[in-house]
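The values are calculated or read from the model by the stated rules, or taken from the named source; none is laboratory data. Given the structure is predicted, the values throughout are model-derived calculations rather than measurements. FYI the Cβ positions are ideal-geometry reconstructions off the backbone, even for glycines, and counts take in every protein chain you see. Calculation scope for accessible area: heavy atoms of the full protein, side chains included, ligands and nucleic acids excluded. Shrake-Rupley method; radii C 1.70, N 1.55, O 1.52, S 1.80 Å.
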Amino acid sequence: MLPITLYQKLKTDVFEWRNAHYPSEFPLIKTILEHNQNGFLRKAQFEALETYWYLRLIKNTSNIFDLYKEYFEGIELLKTLGISLSKDDLTNLVLERGGLDSIIEKVKNDDDFVKKYKLEALRETLTLKYPSYILALAMGAGKTILIASIIAIEFAMALEYQEEDGFFARNALVFAPGKTILGALKEIADTPYKKILPTRLYKSFITNVKFTYTRDGEKDIPVIRASSFNVIVTNTEKIRLQKGSIPKSYISGQLRLGLEEAKELIANRRLQTITSLPNLAVFSDEAHHTYGQKLAKDLKRVRQTINYIAEKTNLITVVNTTGTPYYNRQLLRDVIYWYGLSQGIEDGILKEVRGNIVAYKDVSDEVFIVDVVKDFFTEYGEVKINNGEFAKLAIYFPQVANLEKAKPIVQQTLIALGLDSSIVLPVHNKSPEEIKDLFDNRINDPKLPYRVFLLVNKGTEGWNCLSLFATALARKLKSSNNFVLQASSRCLRQVVGNTKKAKIYLSKDNVSILDRQLQETFGESLDDLNRAASEMVSLKITLKKIDIEPLFIKKTIQKVVPQEKNSSRLILEKPKTQDIVGFEKTIYSMSKTQRKGVLVEIGSKKGKLGEVKIDLYQASVMLAHTYRLDSLEMYKLIVPFYPEGEISMIDLELIRHQIEKQVINYKVITETIEEALALVKTKGFEEEIIDGKVLFVTQIRINKNNLEKYVLGLDDYGSKSGKQPVYGFHYDPYNFDSEDEQDFFVWVLDKLGEDPDNIEDIYFTGAIKDRMKTDFVFEYKDEKGEWHSYTPDFLIRKKDGKSLIVEVKGIPYRNEAAENKMKRLEVINPDKLKYELLLLEDGESIFGKVLPVSDWIYPNKE
């Protein structure tokens, strides 16, 4: 039986934390995490985000080894750390030299011991002096978006809680894989932060965050030293202690620096800028570049750099993301969350490959290639993805000579199949630059004709070709790198609406290599992938009715207003000169020689508050955020007093008192207002151009077993009923939560088909809950006084302006707090709005409950 892992222990605790509604010292995290339950983040992303914040807030950002010691004891600790000793060593160390602590000391300090038991990766974990976590997510799960989400929430929490000790990150350094700095920066900068942060927090975040990337040839990083809310995207080559190459212009001129001296100067200036930034969090995207097959070489370089940063500035945490959390078949011990390839297939993030890994025995290249091409076009010849691209095949070759030999064979096979031979595109290092650019940056353009790619040293990592459905590798490899794994798995990325499996063609020799590399990097085998069946499927939703008139309703709100006239404008004065308040801090440490828990004074520090100054922009943001004011207006009010651009902490506190006295001259009143609720907001949907027409689309993921039961498309209804409906389907298809909801909708359509009367339309509203896509979401308080969102199932509107809101619900799922909210709205809008709850017993038919709806539609008919 395999030992339980740290990430499994954490998963249980995080689940309990979620069920308790995220209690912590910082209650804002509850608002943020519940906001992120709107479906924008995938399951894996959201669970990883929860785990991270559980460790930050509940476990106080513990180091990994401290977490292991908290969760495991004795022999169980050794097992879960992957320490398996010989009987002699175990007896010698445990019984004769001080027990488990002696083993841990051996791992930390004894090179021969570490080499003997292959504990190099574990040593890194045990010796780190700062918290460093690995979030392991399979390809396609969205690791970069996860990093962006963590950064946004860290900054939002820092803005909200202006704490003295700086618990939250105010700056972020992101290591992008390889040379892909610009691509990583664009993905982070383009992240829809409105979907991650509630509106109030988003506004503060987006007005303060600054995105920067390191450029080749620049001596420094273009950020203000000691500033806050910077996101710097770089790669390991530009920010590390190892010296790098520089242009000759940097070693010429009056100073006439030597080459080595100039290299040190550039490296130091970049690092000095990084280490000047307070409250820094470091993120490593695609961390297998650090931890994987080049562990000994790359880990040393990157670790040295991060260790240096940790010594020079306040390093909050280090977060590594990877899809390959194994090294030599051993799970890296820093993993706090793991979402594997099999889970990705089951959840519909990756294509299924079950039964589609094909091995060829003792065949020549020609026979192999002919059969692969024929088989591919037989199975995928007419397969398209949602943007119209045809399915594609990639064939990998060891050398350009092999590619050139195979190209005419591929073309002749295509001609024999009645296909155009020009759909073949060879790509390798000697290809023209325009071909390389097409392959790297424009491969997903549906206008491109290419369907078969012949590759050498291309497309093994980072190639995101969504329409790639099959890969072929014909030759056994002698090297120990992950080529077979990286190349063969390129075709697994899933696309919206696809139910077609991917396919991998291998030589017999490569099967064992692929199986070994899967186990070494993912902890899974070919058998695991062959058994993994997709339980989830992505479904594209398209808006069909865009110009829907808003629903106008009256609602009561609480409003803050001035108690006296002309008191709404803030008037500030520069604080008068006062005595500077002094302070003294005493510093303690845990004694190693005394009893556990005894603190020993090791030093003290004196200072004066007036000596501590902060940037005026930062002060304006802090004051505006605290009192819900405009930060730019706040800056305009205080900048005349401090033209030098800085303000002391004493003056900041005195100005805060001035603001406090003025804002308390407000009172809270209850007011009835009329509000226009947009049933759909196109800005929350993605634009897609098909045949020159702009469509507004989004995607959802549902269980395959629920497709027939709960999903109803416009064409499906038409084929079943024999007619196209006049009403409903403002988006297509509708994705109901239950068969009862679908039955009710079909019943209404049938009734209106017989006699439409005064009906304008019927809308299924229960599935779209994202406030970026609709305003038809209602806030209510539960019995504990906590706020929640509620989206009713249906809205039926009449041409005379009256509306009926219908909720279909089983009794066990009843939500009385939400019902009371809707009943209050009904009272405020007696002539316009009616709320009808159709409660069902277990097994009860919806048709026995529809009379109130029928009476509302046809009030004057018997």
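Some notes on this structure:
- Residue check, GLU779 closer than 28 Å to HIS21 by Cα, in a strand (DSSP E or B), at pLDDT 85 or above and open to solvent by 20 Å² or more (accessible area, probe 1.4 Å): yes
- Failed item, numbered, when ASP651 is tested on (1) acidic (Asp, Glu); (2) farther than 30 Å from PHE764 by Cβ; (3) modelled with pLDDT of 85 or more; (4) under 32 Å from the mean Cα position of the chain (by Cα): (4)
- Search result, residues across the range 712-729 that are open to solvent by less than 50 Å² (accessible area, probe 1.4 Å), within 40 Å of the chain's Cα centre (by Cα) and free of Cβ contacts under 8 Å to residues at least 60 places away in the same chain: LEU712, GLY713, TYR717, GLY718, PRO725, TYR727, GLY728
- ASP732 being surrounded by 18 or more Cβ atoms within 10 Å (Cβ to Cβ) and under 36 Å from the mean Cα position of the chain (by Cα): yes
- Residue list for the range 373-388, restricted to those being out of contact with any Lys or Arg (no Cβ under 9 Å at 6 or more places or on another chain) and either more than 17 Å from SER467 (Cα to Cα) or of a type in the set (D, E, K, R) (or both): LYS374, GLU382, LYS384
- Considering only residues in the range 532-579 that are within 42 Å of the chain's Cα centre (by Cα) and at pLDDT below 65, the one that is nearest to LEU712 (Cα to Cα) turns out to be SER534.
- Of the helices (runs of 4 or more DSSP H) lying entirely inside the range 1-85, those containing at least 1 residues that are within 25 Å of ARG200 (Cβ to Cβ) are 6-19, 28-35, 43-53.
- Meets criteria (among the β-branched types (Val, Ile, Thr) and farther than 30 Å from THR31 by Cβ) for ILE75: yes
- Enumeration of residues in the range 395-416 that are within 24 Å of VAL353 (Cβ to Cβ) and either open to solvent by 50 Å² or more (accessible area, probe 1.4 Å) or not in a helix (DSSP H, G or I) (or both): ILE395, TYR396, PHE397, PRO398
- Selection status of THR207, outside any helix (DSSP H, G or I) and either within 19 Å of VAL319 (Cβ to Cβ) or at pLDDT 80 or above (or both): no
- Subset of the range 417-437 [among the hydroxyl-bearing types (Ser, Thr, Tyr) and not in a loop (DSSP other than H, G, I, E, B)]: SER421, SER422
- Test: THR698 is of a type in the set (Ser, Thr, Tyr) and open to solvent by less than 40 Å² (accessible area, probe 1.4 Å): yes
- Residue within the range 794-803 that is modelled with pLDDT of 90 or more, part of a loop (DSSP other than H, G, I, E, B) and either surrounded by 17 or more Cβ atoms within 10 Å (Cβ to Cβ) or of a type in the set (Lys, Arg) (or both) present: yes
- First in the range 306-326 and in contact (Cβ under 8 Å) with a residue 60 or more places away in the chain, second anywhere and of a type in the set (Lys, Arg) and in a helix (DSSP H, G or I), Cβ under 6 Å, 6 or more apart: THR321/LYS143
- Subset of the range 130-165 that is open to solvent by less than 10 Å² (accessible area, probe 1.4 Å) and in a loop (DSSP other than H, G, I, E, B) - its residue that is farthest from GLY348 (Cα to Cα): ALA138
- When GLU76 is tested against (1) of a type outside the set (S, T, N, Q); (2) closer than 23 Å to THR321 by Cα; (3) open to solvent by 60 Å² or more (accessible area, probe 1.4 Å); (4) touching a residue at least 24 places away in the same chain (Cβ under 8 Å), exactly one condition is not met: (2).
- Sole residue being farther than 28 Å from VAL748 by Cβ, open to solvent by 60 Å² or more (accessible area, probe 1.4 Å) and charged (D, E, K, R), chosen from LYS667, LYS709: LYS667
- Count - residues of the range 347-394 that are open to solvent by 50 Å² or more (accessible area, probe 1.4 Å), touching a residue at least 60 places away in the same chain (Cβ under 8 Å), charged (D, E, K, R) and part of a loop (DSSP other than H, G, I, E, B): 3
- Residue within the range 29-47 that is at pLDDT below 90, open to solvent by less than 60 Å² (accessible area, probe 1.4 Å), out of contact with any strand residue (DSSP E or B) (no Cβ under 9 Å at 6 or more places or on another chain) and of a type in the set (Val, Ile, Thr) present: no
- Qualifying residue in the range 394-403 (condition: in contact with a helix residue (DSSP H, G or I) (Cβ under 8 Å, 6 or more places away or on another chain), closer than 27 Å to VAL427 by Cα and at pLDDT 90 or above): yes
- For the range 112-126, the candidate set comprises residues that are in contact with a helix residue (DSSP H, G or I) (Cβ under 9 Å, 6 or more places away or on another chain) and open to solvent by 60 Å² or more (accessible area, probe 1.4 Å); within that set, the residue that is farthest from LEU315 (Cα to Cα) is LYS116.
- Here ASP285 clears all of (1) open to solvent by 10 Å² or more (accessible area, probe 1.4 Å); (2) at pLDDT 90 or above except the condition numbered (2).
- Residues of the range 411-447 satisfying the condition of being at pLDDT below 85 and touching a Lys or Arg at 6+ places or on another chain (Cβ under 9 Å): ASP440
- Among the residues of the range 705-760, those identified as within 20 Å of GLY497 (Cβ to Cβ) and not in a helix (DSSP H, G or I) are VAL711, LEU712, GLY713, PHE729, HIS730, TYR731, ASP732, PRO733, TYR734, ASN735, PHE736.
- Restricted to helices (runs of 4 or more DSSP H) entirely inside the range 616-693, those with at least 1 residues that are among the basic types (Lys, Arg) and without any contact (Cβ under 8 Å) to a residue 40 or more places away in the chain are 631-638, 649-663.
- One residue stands out among those in the range 752-770 that are farther than 21 Å from LEU539 by Cβ and buried (at least 18 other Cβ atoms within 10 Å of the Cβ): the one that is modelled with the lowest pLDDT, which is LEU752.
- Applying the set (1) farther than 25 Å from ASN444 by Cβ; (2) surrounded by 15 or more Cβ atoms within 10 Å (Cβ to Cβ) to GLY684 leaves exactly one unmet item: (1).
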